[in-house]
1. Stick to Cα atoms and the Kirkwood definition of Rh, then tell me Rg/Rh for segment 23-97.
2. Output the relative contact order of the chain, whole-number percent, from Cα pairs under 8 angstrom with separation of 6+ residues.
3. Expressed as an acute angle from 0 to 90° and rounded to the nearest 10, what is the orientation of the C-alpha long axis of helix 172-183 relative to the principal long axis of the chain?
4. For labels at Asn196 and Tyr82 in the simple 7 Å Cα→Cβ model, what's the distance in nm?
5. Any chance you could give the angle, 0 to 90 degrees and rounded to 10, that helix 110-165 forms with the longest Cα principal axis of the chain?
6. If you take the Cα Rg of the chain and divide it by 2.2 N^0.38 Å, with N the number of residues, what do you get?
7. If you take the alpha carbon radius of gyration of segment 143-203 and divide it by 2.2 N^0.38 Å, what ratio comes out, to two decimals?
8. Once both labels are modelled 7 Å past Cα along the beta-carbon direction, what's the Arg19-Glu7 spacing in nm?
Amino acid sequence: MPAPLEEAVLEAVQRVADRFGITLDGSEQNSAAIQEAVEDSLIPMQMYLEWAETAHKFARVARKEERLYAAVSGELFLDPEYEQEDEITLEALAVYQLDSLIAATRAKNLTRVLRISTDIFEIQKLLGRREKLQEFSALAAERAKKRHQHMNAQKAELLEDWVANGHGYESRADFVRIMSDLKGIKYRTLYEWIANHDKEDRDKW
């Protein structure tokens, strides 16, 4: 097997293994578990193929040429509720198509090799793009969490200062004007914090 193809197979199998928590240790048990995971994950493909072939002549041609992703691409990721299931199906399809590519390579069927290779390239490109989006989303969420933690700490500190020392200022607006400049917080944001705090304080009584 050519080295790039072997690497692609290992990467595709690793995706499925990671998804289902299967260790790639070469054992017969785990190899069977990987095969079962791929087969189970491909179950929706038949449904997608039927839908696609009913709707589009292109899908019928693509399936005949073994370009399975091309055939069903219009049916994937349409419903956010099934987004994860579609991603699992796509990962399993990558393994299936790579297996088909190995068979085509061994048979020296160049036309089949090119068609399946194109399909695999599109699958890998989409999986890579989705992985990047997920990484960016996770990074953005982590940054937002850190920002909120910092902002909440500042809020607590300033409210504590207001409670302890607010009487020493001419007014709430005076405190906000001075402290917003000092702490680098927007005037309106700090004013709303203190106004809400004072309202909650009054409501207690």
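Read the figures in this text as sums done on the coordinates, not as results from a lab. On a predicted model such as this, the values are computed, not experimentally measured, just so you know. Note: ideal-geometry Cβ built from the backbone for every residue, glycine included; neighbour counts use all protein chains shown.
1. Rg/Rh for segment 23-97 comes to 1.05.
2. 15
3. Once rounded, the angle reads 50 degrees.
4. 4.1
5. So the helix axis and the longest Cα principal axis differ by about 10 degrees.
6. The value comes to 1.71.
7. Values: Rg = 11.7 Å, N = 61, 2.2 N^0.38 = 10.5 Å.
So the Cα radius of gyration is 1.11 times the expected 2.2 N^0.38 Å.
8. 2.3
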